[in-house]
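Asker: One structure follows; several queries about it will come next.
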Amino acid sequence: MVKAANPVEKKTEKAEQRCVNRACGARFGLRERIYVCSKCGETLEIDCHLLRSNDPAAVRERWAAAKANPKLPRDASGVWRYLEMLPFDDDAPFVTLFEGNTPLFHAPRSAKYCGLAGLRLKHQGYNPTGSFKDTGMAAAITQAVISGARTAVCASTGNTAASLAAYAARAEFQAAILLPRGQVSAAKLAQSLDYGALVLEIDGNFDDCMRLIQELGDDPAIYVANSINPFRIEGQKTVAFELMEQCSWQVPDHVVVPGGNMGNSTALGKGFQELLDMGLIRRLPKLSVIQAEGAAPVARLFANLTPGQRAGEEELPEKLAIVENPKTLATAIKIGAPVSWKKALRAVVRSHGQVIAVSEQEIADAKAMIGRDSIGCEPASATTVAGIKKLVAAGHVQPGEDVVAVLTGHALKDPDYMSNYHRGTLAIDSGAKDSAAPPKPIHGAFQNAPERVAATKSAILASLKQRH
Ligand SMILES: [Zn+2]
């Protein structure tokens, strides 16, 4: 990292929070602790006021040198290494668990399954708590420390809660997780408990928890780290920078991500756009987002866009029809009212990508195929491979194109799903409200159930021979 010529000059004095509603256009200072626009209620994004680099090669070299030979502790982080792209100053109290630095795998079996010559998987499940949330949480908790708050809160049942708990603990911050009592399994919260977070079981439903989070946000001691927090997107966008380094700055034709709250697709879109604005890449990869059929409000909206809207020539819709009762076994993307849909949809359209949905069966089989590539991921991540297979079949992706899918969570985040798939006991509720119908089974095309074998050498050898 090159020191600023004038150390008094603070980057954060230039960066701002801005309302994503273009008709509103309100702007707020970085230190203003608001989470939505105080004028119109829309979500916020951060404008980093990046300058077009006169020498892109020098920036790339600096990043490569920081990675190869980290001189500062923050250079060992796959987020803070890219500080010049982030709304933080050199002397910020960086919180880090050495997030990022995740592998980019070749996945030949999955490629063949999709009808592609090659496919690479960028696995964000290799982050410290096992999901992509960590890169964003490093930024959000650092901002929480700067803000002078004492407690970070969120309402989450899964990856966000685990990540918040870990980063708050690292910053010696109190973490509080609000959940509806009796509606969340203990196993899902195990990581948060281990990291020492205060788990508050509320007498109410998930909507009550969200309302409380908003009310608590007014308290100066409390920092809201829910998905609405714009600093999380800033940390998450660094995956685009790291991916480009791993691709030796050859821009892939397609980057494909799962879509739940749409924060990840928003972040990737922002990251690539900033690289383009800086002159570090010359074109954008087509960014496509894959949702689960039972939780696919944005895919539905996208299917009904006019050709002009898809081409970015006409205004995009201002309203999204939410899914009241989302259904999918891919719990990380079981979201009916995605917070960041507007920002994500803009990024998809700008890059000429697609938003589509895939079935539970398609997700389950794609997940097993990724496993066969010796990679493994949580079910939500597998929407990518299921979606790419469909995009190839539909002609949106050509067999010889360069495709990267972003996996978001580690396989061990949901071991029950994996076990049930391979034992033939995976099933999903019919979805009908008062239905007594039995859950719909999912038949594993790549099922791999354990075998019962007699306690003899010959029986084991016979079994090995049969399966070879
Ligand atoms: Zn506004």
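The values are calculated or read from the model by the stated rules, or taken from the named source; none is laboratory data. All figures in this text were calculated on a predicted structure; none of them were measured in a lab. No Cβ is skipped: glycine too gets one built from the backbone with ideal geometry, and neighbour counts run over all protein chains shown.
Asker: So, in region 411-439, how many residues would count as being of a type in the set (Lys, Arg), in contact (Cβ under 8 Å) with a residue 40 or more places away in the chain and not in a loop (DSSP other than H, G, I, E, B)?
Answerer: 1
Asker: Is one or more of the residues making up region 142-150 charged (D, E, K, R) and under 19 Å from residue 85 (Cα atoms)?
Answerer: no
Asker: Here's something else I'd like to know. Just name the residue that is farthest from residue 28 (Cα to Cα) out of those in region 224-250 that are touching a Phe, Trp or Tyr at 6+ places or on another chain (Cβ under 8 Å) and not in a helix (DSSP H, G or I).
Answerer: 226
Let's see how each residue does on (1) under 24 Å from residue 270 (Cβ atoms); (2) in contact with a Ser or Thr (Cβ under 9 Å, 6 or more places away or on another chain); (3) at pLDDT below 95:
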position	(1), (2), (3)
294	no, yes, no
302	yes, no, no
322	yes, no, yes
326	no, no, yes
331	no, yes, yes
339	yes, yes, yes
344	yes, yes, no
353	yes, yes, no
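Residue by residue, here is whether (1) surrounded by 23 or more Cβ atoms within 10 Å (Cβ to Cβ); (2) closer than 23 Å to residue 256 by Cβ holds:
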position	(1), (2)
101	no, yes
104	no, yes
124	yes, yes
128	no, no
141	yes, no
162	yes, no
166	yes, no
171	no, no
190	no, no
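Asker: Among residues belonging to region 54-83 that are among the aliphatic types (A, V, I, L, M) and in contact with a Ser or Thr (Cβ under 7 Å, 6 or more places away or on another chain), point out the one that is nearest to the ligand (Cβ to nearest atom).
Answerer: 79
Asker: Does residue 26 count as within 16 Å of the ligand (Cβ to nearest atom), over 21 Å from the mean Cα position of the chain (by Cα) and in contact (Cβ under 8 Å) with a residue 12 or more places away in the chain?
Answerer: Here the answer is yes, as residue 26 does meet what is asked.
Asker: Let me ask something else about it. Filter region 362-397 down to the residues that are touching a residue at least 12 places away in the same chain (Cβ under 8 Å) and polar (S, T, N, Q), then identify the one that is nearest to residue 443 (Cα to Cα).
Answerer: 383
Asker: Could you tell me whether any residue of region 119-132 is over 30 Å from residue 188 (Cα atoms) and not hydroxyl-bearing (Ser, Thr, Tyr)?
Answerer: Yes, because at least one residue in region 119-132 is over 30 Å from residue 188 (Cα atoms) and not hydroxyl-bearing (Ser, Thr, Tyr).
Asker: Next up: So which of 196, 204 ends up being assigned to a loop (DSSP other than H, G, I, E, B), at pLDDT 95 or above and not hydrophobic (A, V, I, L, M, F, W, C)?
Answerer: Only one candidate qualifies: 196.
Asker: Given the conditions (1) at pLDDT 95 or above; (2) surrounded by fewer than 23 Cβ atoms within 10 Å (Cβ to Cβ); (3) touching a strand residue (DSSP E or B) at 6+ places or on another chain (Cβ under 9 Å); (4) over 20 Å from residue 140 (Cα atoms), which single one is not true for residue 259?
Answerer: So residue 259 meets the others, but not (2).
Asker: Take the residues in region 207-232 that are of a type in the set (A, V, I, L, M) and more than 17 Å from residue 333 (Cα to Cα), then tell me which one is surrounded by the fewest Cβ atoms within 10 Å (Cβ to Cβ).
Answerer: Ranking the candidates gives 221 first.
Asker: Of everything in region 29-53 that's within 23 Å of the chain's Cα centre (by Cα) and of a type in the set (Asp, Glu), which residue is nearest to the ligand (Cβ to nearest atom)?
Answerer: Filtering region 29-53 for residues that are within 23 Å of the chain's Cα centre (by Cα) and of a type in the set (Asp, Glu), the one nearest to the ligand (Cβ to nearest atom) comes out as 42.
Asker: Please state which of the following conditions residue 460 fails to meet, knowing it meets all the rest: (1) modelled with pLDDT of 95 or more; (2) part of a loop (DSSP other than H, G, I, E, B).
Answerer: Evaluating residue 460 over (1) modelled with pLDDT of 95 or more; (2) part of a loop (DSSP other than H, G, I, E, B) leaves (2) as the failure.
Asker: I'd like the full set of residues that are within 28 Å of residue 376 (Cα to Cα) and small (Gly, Ala, Ser), limited to region 437-468.
Answerer: Within region 437-468, 444, 445, 449, 463 qualify.
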